[in-house]
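Inspection log for the structure reproduced underneath, given as structure tokens.
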Amino acid sequence: MNFPEHNRLLIGNYAHPSIDLIQGKGTKVWDSSGKEYLDFTCGIAVTNVGHCHPHWTAMVAEQANKLAHCSNLFSIPEQVRLAERLVGHIGPGKILFCNSGAEANEALIKLSRLHSPEHKRPKILTAENGFHGRTMGALSATHSPKYRSGFEPLLQDFAFGQLNHIRSFSDLADDQTGAILIESIQGEGGIHEAADTFLQDLKVLCQSKNLLLMLDEVQAGIGRSGEFLGFQKSGVLPDAVAIAKGLGGGFPIGAIWVGSDLQDTFTPGSHGTTFGGSPLACAAAHAVLDILESENLITRSRETGAQFKTALQELCLEFPDFVKEVRGRGFMLGLACVKDPASLVASMREHGLLTVGAYGHVIRILPPLNVRDDELQHALSIMRTCMSQLTP
Ligand code: PLP
């Protein structure tokens, strides 16, 4: 499909789209011709409770009728209650709200600067193949030249270690280093999990060198990994965490959580945002948390995600020419393909299944956490059909 008006009017920073979407319900979305799709992209790990969940739309509509925005000049009761719920899910500490994943990571970078006495330890270690966003600070924390190229010079004070190799991080941790920032499961990088032992070793390293351990849970968070946040399986409590994407279930909201020891690092005037944590955004996030709890979706993500991963592994064994490995956990899964999977992704789209690519010939499988069993079976059958049709 070609969208001449789209291409005429919208800046070309995204690849030309192949379909438009105008409606969604649960796992399903429809394009303007009425064609139906199973949405296993979730707007890239955002609509974790499905599209237009009745509780979410009711809460958003109700709040829109009450007070949508008033700025952080004032106390916002929905924000205070949301902070309480997030602290309950993560650990003792405080919350700062913003609007996106990149902004949450910017706040973490600023936190680490403030924590470093007289800015003597500005360096932050992040992982090769990691992704932290497109703003200049978050981009500086992002390793791949694919995102950086054209925008250098970026912030200088970043160095990149190898995921799951503690030695490569400890070797980089010099007296200029103030923090480590890492995803618990790399999303854009192709679904690579940080091992529990690696996170535990990073915690020890950070404690021994007085570094902040900061987790980017923007993609893996809000139940997608099978825990509320992906690092929680390791038993490690970091010093600070970035969340966004799934938190608003489709309404933009991001946040950082900062543990008790650091909770007063930001002082009045040191950081701010016009929109972050608006009553409307917070109402959307409350709805998401309500649904996660009432439908037991974190457990569902962990258990049904594990069963679906096994089913994917079995399917992929039938088609070794396509997929060499199924990675990830919960409903954050990736099919690591033998070669560029563009034709498979296109064929699945044609057959009514939407997926999203990631680095390294990976197809990400990101259904909503309340995807129905029959929808999972339908997705598997579409994948089987497409792989058989494309088999020479
Ligand atoms: N961090 C991670 C791990 C992400 O996956 C993303 C987006 O994909 C970001 C940060 C940036 O989030 P946003 O696009 O909301 O700025």
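The values are calculated or read from the model by the stated rules, or taken from the named source; none is laboratory data. What you see is a predicted model; the values in this text were computed from it and never measured. Positions of Cβ are generated from backbone atoms using ideal geometry, with glycine treated the same way; all protein chains shown enter the neighbour counts. What goes into the accessible areas is simple: the full protein's heavy atoms, side chains included, and nothing from ligands, DNA or RNA. Shrake-Rupley method; radii C 1.70, N 1.55, O 1.52, S 1.80 Å.
Structural remarks
- Using the Cα coordinates of the chain, the gyration tensor eigenvalues translate into equivalent-ellipsoid semi-axes of 33, 26, 20 Å, sorted from longest to shortest.
- Unit charges at the beta carbon, dipole of the range 55-294: most positive-side option, 211, 176, 151: 151
- Where labels lie 7 Å past Cα in the beta-carbon direction, separation of residue 207 and residue 310 in nm: 3.6
- Farthest toward positive dipole pole in the chain [+1 Lys/Arg, -1 Asp/Glu at C-beta], among 292, 29, 223: 29
- Accessible surface, per residue, of the range 55-294 when the full set of protein chains is kept, probe 1.4 Å, Å²: 40
- Each residue of the range 34-42 is assigned a 3J(HN,Hα), and the resulting list reads x, 5, 9, 10, 8, 8, 9, 10, 6 Hz, derived from the Karplus form 6.51 cos²θ - 1.76 cosθ + 1.60 (θ = phi - 60°), x at Gly and Pro.
- Rolling a 1.4 Å probe over the protein heavy atoms gives the range 298-340 an accessible area of 46 Å² per residue.
- Per-residue [θ]222 nm for the chain (sum of -39500 (n - 2.57) over DSSP H runs n ≥ 4, rounded to 500): -11500 deg cm²/dmol
- Counting only Cβ charges, +1 for Lys and Arg and -1 for Asp and Glu, the dipole size of the range 55-294 around its Cα centre is about 260 debye.
- Across the alpha-carbon set of the range 279-392, the Rg to Rh ratio works out to 1.03, Rh being the Kirkwood radius.
- Annotation for residue 264 and residue 134: the two label points, set 7 Å from Cα along the Cα-Cβ direction, are 4.0 nm apart.
- Anisotropy class of the range 1-158 from Cα gyration tensor, a/c 1.5 cut: oblate
- With R₀ set to 22 Å, the beta-carbon distance separating residue 295 from residue 84 gives a calculated FRET efficiency near 0.55.
- Antiparallel %, DSSP beta bridges [both residues in the chain], to 5: 65
- Note: relative contact order over the chain, using C-alpha pairs below 8 Å and six or more positions apart, is 22 percent.
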